[in-house]
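Student: First, the structure itself, so that you have it in front of you.
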Amino acid sequence: MDVENSASGPTPEKLTPEKPTPEKLVASAPSSSKLLRTVTPEIQKTLNSISRRSNSYVETKYKCTITSDRLGQLRKIMETATRDHKVFSIKGGWAVIRRELLKRNWLEKIEATVKHKYSSMDDVTSNLPAKQDWESPQSYVEKCEKTVVSRMLQNYDVDLYWSMRKEPSDMQHRTNSFKLINRFSRSLFASKEGLALLLQQSYWYIEPGVANINYPRVYVLGFPDHYNLFVDDFRMTACMGLMKWFVERYETGDKHDIQCPEGKVPYTALLFAIDRCNEYVSGQKHLDIDKEFTQIWDHEWEQFLSNYRIILHENGLFLDFAESMTTVYTNVKSALKEIQRFWPQYEIDGMKNIWILKPGNKCRGRGIQLVNDIAEVDKVIGLKMKYVVQKYIERPLTIHKTKFDIRQWFMVTCVQPLTIWMYRDSYLRFSSQLFTLNNYHESLHLTNYSIQCKYTNVEQRDKALPEDNMWDCHTFKAYLKQIGCMEKWSDVIFPGMQQSIVCAMLASQDTMDRRPNTFEIYGADFMLAEDFKPWLIEINCSPDLSYSTSVTSRMCPQCMEDIIKVVVDRRRDPNADTGLFEMVYKQIFPRTPPYLGMNLSVRGRRLFRNRARVKTEKEKADKQKTLIRLRKQDFIKSEFLRDSEITRILPKITSPDNYKGPVIADFIEDLHNNVNGDKDSGVDFIPALKVETVKKKYEAKSERVAKSCSGEGRPKTNDFSHCSVNRKRSVKENIRKSSRCSSETRNHLGLYQELHLKNKIASDNWETQTASILRGTNILNRDANTAIDVNKNIFQSRSLNAFDLNNILRNLQK
């Protein structure tokens, strides 16, 4: 096979170097008797093989050249691929991915471990790889051309980078946001620990018909609060397990299957379980707020768990019951029916209280074990690696008494907005042994192919099960049809898996890598309960796509081809075929309004103040209160309360003949202290002035008003005649009102004056006049609280008031 080695000009002469022989190689070595003695048949065989490889390399180096025409064609292909952004690089095998991209005229760039600078075309075409003995001439030509194209592309970045492992060069590829990459930088939900923590908030994303998840409860043992919750859960599950065992034995057996004289467990253990379940139900109903339950100590729980293990795991029995068996059965049945409403995973728990212990960051079933005792869990808490403990599904759906799980592929092509594609085909993985809860060996309970490939199938298995322990979903549908449950796949199983995947991704969206132009394929593992409801077990990144069995040999290549259809073909044509991948969810975000620059404006009409508007009484009162609060030291105007209003506001008091306490001044002072306290409200009670002073004040005012109305001392003019008549009329009315008011308010108390005069007025005369009237009435002792509250309301609603004491006293005498 000839491949030219020159870019232009005539072809050089073909040189055939002299072949070195083993004899010449030995002869050219230094002459030494020791060396000659070391030439053994094994060394001779090695020298012959070296000679053949050297001859092959020399022949191919000088005989294999690339013509200038072919080199020009390769250069044109390279320029077209770079212009259309069709350059890819793949780390590892992935023959199907490479083949599908090459079919679409993509070029592969082989990333060399050591970079070389090629300054001319002679450097590009020199030092081509050697031909191997197992290579055909056509494959060798393709390899050489691929090497030349890769050297041409050394200065061009790739448009698609495929790698299923973390490489040191990943960060360099991720800097270009326009490059397609098949892995997210972080997927916390792909670890058992991360999925357990993220799904704690899954209830926020539940949407009927779109997102819902069934996930066995799990606890991360690296957190103290999780461990405490696990202990509480373990104890409650043990209580329900013992009650379920009693109900099952009572309904299916006789009395001797529950109790016997040789029994080791007392009847009080069952009563203990009933009480704990009733307390749990009361707590869920919030009945424990006003009711205190008896505290259960750790040694009591240990005693109960010891009795539980004797019954469930050692086939022990109860002693004779103190009550009727029917009464006990009724109480147990009622308690289980009640707790079932508040225990969502009641159906999968079973009776043996088995939990599965998993390393937080391992895969392929490594380090997984089944436990039924808290002491076994305590052993791994002090280890450096974090473990998760998850409730084992004790009542799974089995096929011919064999356990299985379902591997479902799905792909995330965008995180913001979240876009999920689900593969319509899936496959089942069977165990090689018959299912039982009496044996905790991994071959019975772990259905991973990496685990089951180490064991041979047991002879007691049904012959309908496959030898390679795998079914595709179509075979499983045929089995469902055979048992009369064909609709379960389309109505329960596949929609349940779809909603679980959507809910898990929504709960993990905030922690995912939001780099654009990134996609990744995942593998979700599901278990089916006896009611065909799927339960999510875990999610794996980089799922196994090898041809391990006849089922995966057919499904895995088809899946990889469909991946290219989604991420490459549909990227260029939205209507392109996507194979068996189906978009099951795409997050809807409101469209962001376009930014048009700084173009701020205010739209509307100007509001004008209506100065002629009349204020309401409420507005006036509010304004008055505001002024009083802000201007405490200003001059305070006085207002009067009517007698009828005072009578209505103040409480009724007993006859004054019974008063033997302090005088009214002490009463007013006490009211003032109770209402205001230590705070200064700006209002104080001022003792009333003498009667003569009040009388003279009003008489003087009346005389001035009468004199002004008569017009003495003022010239009369015609211009103001009409105004003076009206003024006289108003003055007369004021005189009548003032005289009537002076007669009614002669002995009023609480007249407000300026604050600076409050300490200068004496109250001795007023105290002497009022003491004899109120003597004998115990005002402060009777209805004191009522009086204080009423006066407090008065001072809060009317901060500027004066009270008519005479009317108050008359009401007291009545």
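We did not get these values from a lab; they are worked out from the coordinates using the rules stated. The shown structure was predicted, so the numbers you read here are calculated from the model rather than taken from an experiment. Quick reminder, even Gly has a Cβ in these numbers, built from the backbone with ideal geometry, and neighbours come from all protein chains shown.
Student: So what J values fall out for segment 168-175 if you push phi through Karplus, 6.51 cos²θ - 1.76 cosθ + 1.60 with θ = phi - 60°, rounded to Hz, Gly and Pro as x?
Tutor: With the stated coefficients, segment 168-175 comes to x, 8, 5, 5, 5, 6, 6, 5 Hz.
Student: Restrict the search to segment 167-197; then list the chymotrypsin sites (Phe, Trp or Tyr not before Pro) that DSSP places in a loop and that have at most 16 other Cβ atoms within 10 Å of their Cβ. Walk me through the numbers before you get to the answer.
Tutor: On the way: sites: Phe178, Phe184, Phe189; in loops: Phe178, Phe184.
Those satisfying the criteria are Phe178.
Student: Taking 0.36 nm per residue of separation and subtracting the Cα-Cα distance, what length does fully extending Arg364 through Lys333 add? Display every interim value, and only then the final one.
Tutor: Working: separation 31, 0.36 × 31 = 11.16 nm, distance 4.14 nm.
Between Arg364 and Lys333, full extension yields an extra 7.0 nm.
Student: Over segment 219-293, what is the relative contact order in percent, taking alpha-carbon pairs closer than 8 angstrom and at least six residues apart? The partial results should precede the final answer.
Tutor: Details: 27 pairs, mean separation 20.8, N = 75.
Dividing the mean separation by the residue count of segment 219-293 yields 28 percent.
Student: Quick one: 3J(HN,Hα) in Hz for segment 490-496, Karplus 6.51/-1.76/1.60 with θ = phi - 60°, rounded, Gly and Pro as x.
Tutor: Each residue's phi maps through the Karplus curve to give 7, 9, 10, 6, 5, x, x Hz.
Student: Also, I was wondering about something else. Between Thr67 and Trp489, what's the calculated FRET efficiency when r is the beta-carbon distance and R0 is 51 Å? Round to 0.05. The partial results should precede the final answer.
Tutor: Numbers: r = 59 Å, r/R0 = 1.16.
For Thr67 and Trp489, the calculated efficiency is 0.30.
Student: Same structure, new question: Below 8 Å, C-alpha to C-alpha, sequence gap of six or more: please give me the relative contact order for segment 256-334 in percent. Show your work: numbers first, answer last.
Tutor: Details: 52 pairs, mean separation 48.3, N = 79.
Result for segment 256-334 is 61 percent.
Student: Counting only other residues whose beta carbon sits under 11 Å from that of Met164, what net charge do I get with K and R as +1, D and E as -1? Before the final figure, lay out each step's value.
Tutor: Numbers: positive: Lys91, Arg165, Lys166, Arg183; negative: Glu167, Glu520, Asp544.
Charge balance in the 11 Å sphere: +1.
Student: With labels modelled as points extended 7 Å from the Cα through the Cβ direction, what inter-label distance (nm, one decimal) is found for Ile588 paired with Thr294?
Tutor: Calculated label separation equals 5.7 nm.
Student: Given a Förster distance of 35 angstrom, what is the FRET efficiency for Phe342 paired with His313, based on the Cβ-Cβ distance and rounded to 0.05?
Tutor: Working: r = 27 Å, r/R0 = 0.76.
In this case the efficiency is close to 0.85.
Student: Just check segment 395-586 against the gyration tensor rule for me: Cα atoms, a ≥ b ≥ c as the square roots of the eigenvalues, rounded for a/c under 1.5, and otherwise prolate or oblate depending on whether a/b exceeds b/c.
Tutor: Numbers: a/c = 1.87, a/b = 1.80, b/c = 1.04.
Prolate is the answer for segment 395-586, as a/c is 1.5 or above and a/b outweighs b/c.
Student: Output wanted: per-residue J couplings in Hz (rounded whole) for segment 383-396, from phi through Karplus 6.51 cos²θ - 1.76 cosθ + 1.60, θ = phi - 60°, x for Gly and Pro.
Tutor: Listing the rounded values in order: 6, 5, 7, 7, 10, 10, 10, 10, 5, 7, 7, 7, 10, x Hz.
Student: Further, regarding this structure: Can you give the net charge of the other residues whose Cβ lies under 13 Å from the Cβ of Thr549, counting K and R as +1 and D and E as -1? Intermediate results must be reported in sequence, preceding the final value.
Tutor: On the way: positive: Arg407, Arg429, Arg554; negative: Glu467, Asp468, Asp472, Asp544.
Taking every Cβ under 13 Å from that of Thr549, the sum is -1.
Student: Now for a different question. Once you put a point 7 Å from the Cα of Lys255 and another 7 Å from the Cα of Lys91, both along the Cβ direction, what distance in nm separates them?
Tutor: Between Lys255 and Lys91, the simple spin-label model gives 7.3 nm.
Student: List the residues, sorted by chain then number, that are 5 or more residues from Gln369 or on another chain and whose placed amide H is less than 5 Å from its amide H.
Tutor: Leu357
Student: Provide the FRET efficiency to the nearest 0.05 for the Val247-Glu302 pair, computing r from the beta carbons and using R0 = 35 Å. Before the final figure, lay out the partial values.
Tutor: Numbers: r = 25 Å, r/R0 = 0.71.
For R0 = 35 Å, the calculated efficiency reads 0.90.
Student: May I ask for the distance between the Cα centers of segment 576-590 and segment 451-515, given as a whole number of Å?
Tutor: 22
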